[in-house]
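Asks: Got a structure here, written out as structure tokens. Questions coming.
The values are calculated or read from the model by the stated rules, or taken from the named source; none is laboratory data. Computed from a predicted structure; not experimentally measured. Neighbour counts run over all protein chains shown; Cβ positions are idealised from the backbone, glycine included.
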């Protein structure tokens, strides 16, 4: 069982609804632009910025939980490989780490309520035991909004025994990106989510 709740240092502004990826249906966004208060910029740390299609930022919270947002398709790479990529780019980045007045930040509201069945584990025997895996599933509830968010996840395995730019940078997460949650004192994230369609976004 994993249960976490986190709040940003400052509340983000609600932004105008907009599309995500190739969808024509609009979803809700929050963040910072030219028309909003810049107070929430203290929540944001730029990890690296190569272009408006290749960047990563970190959102800090009062509870020392870190939300890492990596805009990338991440095609044919695992969550671990993509996270290593973020770390490599971060270590090499020499640009401005703070959000500037001309920068734009745009993040979609996320709401996940799902059950994941790990069918590839079912029907197998745990090595070194006589335990046969009959069911392996995970429930995931995750919410991210302009105030903060929360995550609740429970895994169940049951078995049977026997058998800086002139025009400003654009941190706009309106297409494929990966979200990581990490405790500030830890090296690796405890939660990862790939967002590549509007199924988990708030319309």
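Asks: Within the stretch 83-92, can one find any residue that is in a helix (DSSP H, G or I), in contact with a strand residue (DSSP E or B) (Cβ under 6 Å, 6 or more places away or on another chain) and modelled with pLDDT under 95?
Replies: no
Asks: Can you pull out the residues in the stretch 56-78 that are surrounded by fewer than 22 Cβ atoms within 10 Å (Cβ to Cβ), within 23 Å of residue 104 (Cβ to Cβ) and in contact with a strand residue (DSSP E or B) (Cβ under 7 Å, 6 or more places away or on another chain)?
Replies: Within the stretch 56-78, 58, 60, 61, 66, 68, 72, 74 meet the criteria.
Asks: Another question, then. Hand me the list of strands (runs of 3 or more DSSP E) wholly inside the stretch 1-70 holding 1 or more residues that are under 22 Å from residue 192 (Cβ atoms) and modelled with pLDDT of 95 or more.
Replies: 2-7, 27-32, 44-51, 54-60
Asks: Scan 137, 181 and give me the residue that is closer than 28 Å to residue 15 by Cβ and assigned to a strand (DSSP E or B). So that I can check it myself, show each step before the final result.
Replies: Working: 137 fails: closer than 28 Å to residue 15 by Cβ.
Step by step, each of 137, 181 is checked, and only 181 is closer than 28 Å to residue 15 by Cβ and assigned to a strand (DSSP E or B).
Asks: Of the residues that make up the stretch 155-177, is at least one touching a helix residue (DSSP H, G or I) at 6+ places or on another chain (Cβ under 9 Å), modelled with pLDDT of 90 or more and under 16 Å from residue 56 (Cα atoms)? Step through it out loud before you land on a result.
Replies: Of all residues in the stretch 155-177, those touching a helix residue (DSSP H, G or I) at 6+ places or on another chain (Cβ under 9 Å) come to none.
There is no residue in the stretch 155-177 that is touching a helix residue (DSSP H, G or I) at 6+ places or on another chain (Cβ under 9 Å), modelled with pLDDT of 90 or more and under 16 Å from residue 56 (Cα atoms).
Asks: Okay, moving on. Which one of these is more than 20 Å from residue 4 (Cα to Cα), out of contact with any strand residue (DSSP E or B) (no Cβ under 7 Å at 6 or more places or on another chain) and either in a loop (DSSP other than H, G, I, E, B) or at pLDDT 90 or above (or both): 119, 187?
Replies: It is 119.
Asks: Another question, then. From the list 127, 101, 77, which one is in contact with a helix residue (DSSP H, G or I) (Cβ under 8 Å, 6 or more places away or on another chain) and part of a loop (DSSP other than H, G, I, E, B)?
Replies: Being in contact with a helix residue (DSSP H, G or I) (Cβ under 8 Å, 6 or more places away or on another chain) and part of a loop (DSSP other than H, G, I, E, B) holds for just one of 127, 101, 77, which is 77.
Asks: Additional query: Filter the stretch 187-199 down to residues that are surrounded by fewer than 18 Cβ atoms within 10 Å (Cβ to Cβ) and more than 19 Å from residue 148 (Cβ to Cβ) and give me whichever is farthest from the chain's Cα centre (by Cα).
Replies: Step by step, filter the stretch 187-199, then rank; the result is 187.
Asks: What are the pairs with Cβ atoms under 6 angstrom where one residue, in the stretch 60-85, is closer than 24 Å to residue 4 by Cα and the other, located anywhere, is assigned to a helix (DSSP H, G or I)? Sequence gap at least six, or different chains.
Replies: Listed pairs, sorted by first residue: 60/43; 70/86.
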